[in-house]
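See structure below.
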Amino acid sequence: MSDTPREQPAPKGGAMSDLAELDLSRVFVHDGYSLRDVTTVGRHKAIGYVAISPTPTERFRPPEIDFRQIGETLESRGMRVYYDGPPTRRGHQQEIAELVRQLPPVRYNRKLVPGYFFPGENTDIPHKFFAADPVTIERLLAANREALYGFPPTVDAFVDLVRSVWIDPKLPLGKLIHLAFGYYKLYGGREIPRLFEPEQPEPSQPPIGQNEVSLAALKVELDRCEKLFAGQKVQFKQLSQDIRDAFDNIRAFTAIHNHLLAARERKRIVRLSSEQERILAEQEGLLANIDRLIREAEKR
């Protein structure tokens, strides 16, 4: 297998206006392809193609399709259309040869092999009709120039590339081609993917004397935090003492209540005064509220 294609003087891509040798108004589509592969370009995918033939065969079956009209509709939406016949008509062959020489090998069955090959001319599929979205393809290529090794980031060059050579999808360039041919991967509000992380600028060094200024500001902030912490420490200490005092008061309050209640039950106090009865009722209500609050706190 040759590493480079034959050098051929060829135009830069094939436009619809150059198709006088084939009547595109009456062609047949290969049964392994679908018209959707080209009619959805620019809406759901960035590039697509179908195999066509001017005569019906076992694989190229009726009905006849008017690809002249399909091409005009695509061009009216800003798409590019290309007719691919013999390999001698393809452009950018020198750039493609330079590109594949720079592609790294890939590993298959524990062996390193070239990450590309040239399919050559297929006599079973003599003609192909390509459609491409130039804006999306060129945005994809511009965002991933590292994968191109200097290859022109234009839609015409890209179409010549994909119809001339197969690139292994393990390589970044193969991934770009897979993205361009895939349905919905570049549309529906999705951002153009980057296969390489952008270079991060090195952190700039502070001017002379700026470190001293930053250190002084840091010391001021540290002093402020220490003072704030000291004040909070005093507040926490006072709060802790208040909680202890409240607990002691509750214990004394409970002891008095229990004493009055036991004295009445043992009839050591024959009759409580109205004031004692009122205090006892209030104490029972307060103790009931304290008990309820404790139970609610425990549930939380």
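Near Tyr116, the amide H atoms lying under 5 Å from its own belong to Asp168; only residues 5 or more places off or on other chains count, and H is placed 1.01 Å from N. When each of the peptides 172-184, 39-51 is scored by the mean number of other C-beta atoms lying within 10 Å of its residues, the order from highest to lowest reads 39-51, 172-184. Rounded to whole numbers, the Karplus 3J(HN,Hα) couplings from phi for the stretch 113-123 are 10, x, x, 7, 7, 9, x, x, 7, 9, 6 Hz, using 6.51 cos²θ - 1.76 cosθ + 1.60 with θ = phi - 60°, and x at Gly and Pro.
Applying 0.36 nm per residue to the separation of Asp124 and Ile290 and subtracting their alpha-carbon distance, the gain on full extension is 50.4 nm.
Tell me, what is the FRET efficiency for Thr73 and Phe196 to the nearest 0.05, using R0 = 30 angstrom and their Cβ-Cβ distance as r?
So, using R0 = 30 Å, E works out to roughly 0.25.
Taking packing as the residue-averaged number of other Cβ atoms within 10 angstrom, the listed peptides 279-288, 156-165 run from highest to lowest as 156-165, 279-288. In this label model, Thr55 and Ala217 are separated by 8.3 nm, measuring between points 7 Å along each Cα→Cβ vector. Peptides 64-72, 137-145, ordered by how many other C-beta atoms sit within 10 Å of their residues on average, highest first, read 137-145, 64-72. Using a simple spin-label model with pseudo-atoms 7 Å out from Cα toward Cβ, Gln102 and Lys233 lie 6.5 nm apart.
Between the amide H of Ala143 and any residue lying 5 or more places away or on another chain, no distance stays under 5 Å, with hydrogens modeled in the peptide plane. Net charge of the neighbourhood of Arg26, taken over other residues with C-beta under 11 Å away and scored Lys/Arg +1, Asp/Glu -1, is -2. Close amide H contacts of Lys45 (hydrogens built in the peptide plane, cut-off under 5 Å, sequence separation of 5 or more or a different chain): Tyr184.
A short reminder: the numbers here are calculations on the coordinates, not readings from a lab. This one's a predicted model, so the numbers in the text were calculated from it and none came from an experiment. Glycine also receives a Cβ, built like all others from the backbone with ideal geometry; neighbour counts cover every protein chain displayed.
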